[in-house]
Amino acid sequence: MPKIAVTRWIPDEAVRVLESVGEVAVSPADRPLTPEELREFVSGSAAVVSMLHDRIDSTVAEAAGPGLKVVANVAVGYDNVDVAAMTERGVVVANTPGVLTDATADLTFGLLLALTRRLGEGERLVRSGRPWSFHLGFLLGSGLQGTTLGIVGLGQIGRAVAERAAAFGMRIVYSGRSRKADFAGEFVPFEEVLRRSDFVSLHCPLTPDTRHLIDAAALRAMKPGAYLVNTTRGPVVDESALADALEAGEIAGAALDVFEAEPDVEPRLLGRENVVLTPHLGSATVETRTAMAVLAARNVASVLAGAEPLTEVSA
Ligand code: DGY
């Protein structure tokens with residue numbers, strides 16, 4: 001039976017799929033493996049089921065050996081995998097698109113509402129035991145109706161966020177590689193998204209082009225009353241520039257579910273009331289995480305059976 005290395009816990013449903021095609025080794029460590037541990041762990045594997053915190057590069061492929069056939073990343077994002085290096089070695093790379101779209105869009109909207117309705121502040125106040133009482137001017141936020149949502153990257157998740165925004169009566173502008181004929185929002189240059197939006201929500205993948213897409217200049221281009229929401233990958237935002245912009249009052253607030261150097265967070269963001277921080281929860285529902293792991297397992301099963309993966313990534 002071929003060895004299948006799973007770098008961290010996955011749901012039983014996915015393990016069962018893998019067990020039908022190979023001998024499954026799940027890392028017992030309740031943490032990301034170090035690069036050395038990862039290389040040792042994958043040695044002799046035909047398949048690696050990887051997590052977004054694993055850096056899967058040529059050294060990992062080498063450590064796995066010539067029998068490595070497939071890397072199945074349990075995430076839609078695959079910036080942690082050197083796809084070109086895998087392709088060069090004939091190793092198939094797969095990701096998990098589609099199954100996490102709704103969960104991530106829901107979380108994005110939750111963050112938007114947490115920002116505008118000041119849920120974090122309110123929650124912290126109640127828990128603090130400090131006195132408070134209802135009055136007409138107490139902890140006021142603002143409504144979403146009639147505001148403009150700017151979507152950066154109109155993939156499946158961006159579209160699902162737009163659907164939710166439409167139900168809230170928001171206007172949509174978006175930027176990306178091309179105008180989508182079947183989408184009602186207004187396609188505008190990235191700079192215009194920044195300039196016109198009350199909320200800028202990031203849904204582009206992390207690539208060399210999008211690293212620090214939101215830098216000091218981008219933040220200065222946003223409206224002073226605007227909010228930034230990031231549920232894609234941390235390095236799309238320059239966290240230090242974001243802290244500067246918030247300190248200078250250049251934007252009204254930000255919600256981050258992902259961080260430049262997870263799990264570390266720019267310390268200046270931690271104490272700010274107008275910042276909502278969540279620990280990479282975009283896809284974190286039982287149903288979604290199970291579906292992601294099962295899809296990754298099916299990708300492995302297909303490739304080990306000599307068939308095409310269901311959701312392959314190309315270099
Ligand atoms: C992904 O799949 O890329 C997400 O970040 C996981 O929540």
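Step by step: first the residues of the range 229-264, then only those that are among the small types (Gly, Ala, Ser) and in a loop (DSSP other than H, G, I, E, B), then the one that is surrounded by the most Cβ atoms within 10 Å (Cβ to Cβ). Which residue is that?
For the range 229-264, the residue satisfying everything is 252.
Hey, among the residues in the range 52-67 that are away from the ligand (no atom under 16 Å from the Cβ) and touching a Ser or Thr at 6+ places or on another chain (Cβ under 6 Å), which one's nearest to residue 97 (Cα to Cα)?
By that ranking, first place goes to 64.
Which numbered condition trips up residue 105, out of (1) small (Gly, Ala, Ser); (2) surrounded by fewer than 21 Cβ atoms within 10 Å (Cβ to Cβ); (3) within 16 Å of the ligand (Cβ to nearest atom)?
Failed condition: (2).
For the range 238-259, check the following and say yes or no: at least one residue is closer than 26 Å to residue 74 by Cβ, small (Gly, Ala, Ser) and outside the structural domain of residue 89 (by TED's automatic domain parsing).
yes
So if I check each of 98, 110, which one is within 16 Å of the ligand (Cβ to nearest atom), touching a residue at least 60 places away in the same chain (Cβ under 8 Å) and of a type outside the set (Val, Ile, Thr)?
98
Any chance the range 257-266 includes a residue that's within 16 Å of the ligand (Cβ to nearest atom) and over 17 Å from the mean Cα position of the chain (by Cα)?
No, the range 257-266 contains no residue that is within 16 Å of the ligand (Cβ to nearest atom) and over 17 Å from the mean Cα position of the chain (by Cα).
Does residue 70 meet the test of being more than 23 Å from residue 254 (Cβ to Cβ), at pLDDT 95 or above and within 13 Å of the ligand (Cβ to nearest atom)?
So residue 70 fails the test.
Which of the residues belonging to the range 77-95 are of a type in the set (Val, Ile, Thr) and either touching a helix residue (DSSP H, G or I) at 6+ places or on another chain (Cβ under 8 Å) or more than 12 Å from the ligand (Cβ to nearest atom) (or both)?
Passing the criteria: 83, 87, 91, 92, 93.
The values are calculated or read from the model by the stated rules, or taken from the named source; none is laboratory data. Predicted, not measured: the structure shown is a model, and the values here were computed from it. Neighbour counts are summed over all protein chains in view; Cβ atoms, including those assigned to glycine, are modelled from backbone coordinates with ideal geometry.
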